[in-house]
Amino acid sequence: MASFAMGKQEEMLVRRITEIYECVSKLPALSPSKEVNELLTELVNICIPVIAIDVAKLTSEVQAMRSELIVLCGEAEGLMESHYSDLLASYDNPLHHLTIFPYYSNYLKLSLLEYTLLTRHVASPPGRVAFVGSGPLPLTSVVLAKQHMPAAEFHNYDLDPTANDRASRLLRGDADMAARMAFHTADVLSVTHELRGFDVVFLAALVGIGHDEKVQVIEHLARHMAPGAILVVRSAHSARAFLYPVVEPADLRGFEVLSIHHPGDEVINSVIVSRKPQGGHAPGAAAVMRPCKCCEMMQGFHHFGHGSMMEDVALEELPS
């Protein structure tokens with residue numbers, strides 16, 4: 001009976017997501033509006049509950065719909081970030097008004113999660129950090145730089161020069177942040193020797209939407225990052241995979257996978273922390289799974305107030 005009920009729940013979820021996709025795909029524009037906001041808010045709300053659904057096992061029709069939906073959501077997200085970036089830029093000190101962005105609290109939680117995971121695997125605070133796919137509203141870089149890494153230098157990479165122009169305007173009025181934050185217009189696949197200068201590289205969820213493209217980016221990072229450097233990758237799990245691409249541990253070729261976390265609260269993205277081995281794995285080499293110890297399971301999050309809101313997945317317990 002339990003499996004039957006789960007099957008019905010999955011069927012109802014997919015049906016409603018498909019209905020929302022059909023509505024979103026027919027909209028004349030995806031800029032922030034009442035209709036766009038309502039549809040995407042409902043989509044997020046129905047995908048957040050932890051429902052055991054493996055998107056890789058869905059029909060090819062549903063898989064195609066999911067791929068197109070992720071692209072549409074990515075476009076809408078970019079337009080929303082541009083809108084709020086412009087709004088923030090109208091203030092004398094934009095960084096004092098970040099709370100006007102409706103998902104700011106989510107970024108606070110996600111940044112805390114990523115920083116906490118990071119500190120479990122680095123001996124000293126990172127000095128130079130790269131964020132690939134920073135966009136017009138680089139909140140992760142801003143929050144990490146302001147609250148968690150006050151001495152680090154941040155280099156943000158994005159394909160879109162207008163996104164970087166918008167992002168750089170947000171630092172007006174904050175001399176410290178302006179001195180520590182740089183923006184580069186580049187395809188990460190064209191960035192080579194510069195990558196060796198970073199202690200940590202963050203890879204945004206929407207860099208490489210298709211699986212092959214995502215793997216290509218990861219293999220490029222494995223080829224050019226410094227041995228011992230950390231790669232933090234955003235993924236998605238269960239129904240949240242209708243919102244963002246999924247990165248499997250095996251996709252991290254040339255890296256040693258250190259931690260995998262699937263949030264159980266309103267933070268949507270899963271986080272995978274990995275390291276380029278000191279020995280320098282050959283690019284394309286199979287990902288190395290570092291065995292997890294029970295004592296590493298989420299102890300730090302009780303201290304930070306997350307408690308059972310987060311789920312820590314032991315690597316050896318991952319489905320094959």
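The values are calculated or read from the model by the stated rules, or taken from the named source; none is laboratory data. Everything quoted here is computed from the prediction, not taken from an experiment. As a convention, Cβ positions derive from the backbone with ideal geometry for all residues, glycine included, and neighbour counts pool all protein chains shown. Accessible surface areas use protein heavy atoms only, side chains included; no ligands, DNA or RNA. Shrake-Rupley method; radii C 1.70, N 1.55, O 1.52, S 1.80 Å.
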Filter pass, VAL71 being open to solvent by 20 Å² or more (accessible area, probe 1.4 Å), closer than 19 Å to ILE209 by Cα and touching a residue at least 24 places away in the same chain (Cβ under 8 Å): yes
Of VAL247, VAL232, VAL207, VAL215, which residue is modelled with pLDDT of 95 or more and farther than 29 Å from ASN45 by Cβ? VAL215
Matching residues in the stretch 75-111 - criterion: being open to solvent by 30 Å² or more (accessible area, probe 1.4 Å) and of a type in the set (A, V, I, L, M): LEU79, MET80, LEU87, ILE100, LEU108
Given the condition open to solvent by 30 Å² or more (accessible area, probe 1.4 Å), part of a strand (DSSP E or B) and within 17 Å of GLY133 (Cβ to Cβ), answer yes or no: does some residue in the stretch 188-196 qualify? no
Is there a residue being over 23 Å from TYR91 (Cα atoms), of a type in the set (Asp, Glu) and in contact (Cβ under 8 Å) with a residue 24 or more places away in the chain anywhere in the stretch 171-180? no
Any pair with Cβ under 6 angstrom, 6 or more apart, that starts in the stretch 149-168 at a residue that is within 14 Å of ALA130 (Cα to Cα) and ends at one that is of a type in the set (A, V, I, L, M) and open to solvent by 20 Å² or more (accessible area, probe 1.4 Å): HIS155/ALA182; TYR157/ALA186
Inspect the stretch 14-37 for any residue being touching a residue at least 24 places away in the same chain (Cβ under 8 Å), among the hydroxyl-bearing types (Ser, Thr, Tyr), more than 20 Å from HIS83 (Cβ to Cβ) and surrounded by 17 or more Cβ atoms within 10 Å (Cβ to Cβ) and give the result as yes or no. yes
Would you check if ALA182 is modelled with pLDDT of 95 or more, more than 18 Å from the chain's Cα centre (by Cα) and either surrounded by 21 or more Cβ atoms within 10 Å (Cβ to Cβ) or not in a helix (DSSP H, G or I) (or both)? yes
Of the conditions (1) under 17 Å from PRO245 (Cβ atoms); (2) without any contact (Cβ under 8 Å) to a residue 40 or more places away in the chain; (3) out of contact with any Lys or Arg (no Cβ under 9 Å at 6 or more places or on another chain); (4) aliphatic (A, V, I, L, M), VAL217 satisfies every one except a single condition; which number is it? (2)
